[in-house]
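Take a look at the structure below.
The values are calculated or read from the model by the stated rules, or taken from the named source; none is laboratory data. Source: prediction; values computed, not measured. Here the Cβ positions follow ideal geometry from the backbone for every residue, glycine too, while neighbour counts run over all protein chains shown. Side chains are part of the model used for accessible areas, which takes the heavy atoms of the whole protein and leaves out ligands, DNA and RNA. Shrake-Rupley method; radii C 1.70, N 1.55, O 1.52, S 1.80 Å.
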Amino acid sequence: MNNYETVFIMNPVLSDDQVRETVKKFVDYLKDKKAKITHEENWGLKKLKYTIQKKKTGFYYLLEFQAEGDVIGNFEVEFQRDEKVIRWQTVRLDKFALEYAERRKKKLSTNTKAE
């Protein structure tokens, strides 16, 4: 199994329930394909660097998961079919990216505990 990270941006006019529903759809898709979700982060509503589909903001979400390589092609087709998603990117994590992701998660968890 390979390690992957997907960041996707959802339409800013969605309600909180619609955002959760959309995320659940993609998580369930991965679980149906025997992928293991290793980490999730909701980055919330952020300003886009440039306008996408006449939108200046979007809901960002990060998924880290382990899956077989053949799952990714169909996973990205699911993003194309969903009108709620305006952009996405999936990358395979090498050992250096995995180390960085672990450090980032540890830093995030210590910041959360400190608050």
Checked the stretch 68-88 for anything within 16 Å of Glu21 (Cα to Cα), in a helix (DSSP H, G or I) and of a type outside the set (Lys, Arg); matches are Glu78, Phe79
Within the stretch 11-20, restricting to residues that are over 13 Å from Asn42 (Cα atoms) and free of Cβ contacts under 8 Å to residues at least 24 places away in the same chain, the one that is least open to solvent (accessible area, probe 1.4 Å) is Ser15
Would you confirm whether or not the stretch 86-93 contains a residue that is among the β-branched types (Val, Ile, Thr), open to solvent by 30 Å² or more (accessible area, probe 1.4 Å) and more than 14 Å from the chain's Cα centre (by Cα)? no
Taking the stretch 45-67 and the residues there that are under 17 Å from Arg20 (Cβ atoms) and open to solvent by 20 Å² or more (accessible area, probe 1.4 Å), the one that is farthest from the chain's Cα centre (by Cα) would be Leu45
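Just checking, does the stretch 27-40 include any residue being among the basic types (Lys, Arg), touching a strand residue (DSSP E or B) at 6+ places or on another chain (Cβ under 8 Å) and in a loop (DSSP other than H, G, I, E, B)?
Yes, some residue in the stretch 27-40 is among the basic types (Lys, Arg), touching a strand residue (DSSP E or B) at 6+ places or on another chain (Cβ under 8 Å) and in a loop (DSSP other than H, G, I, E, B).
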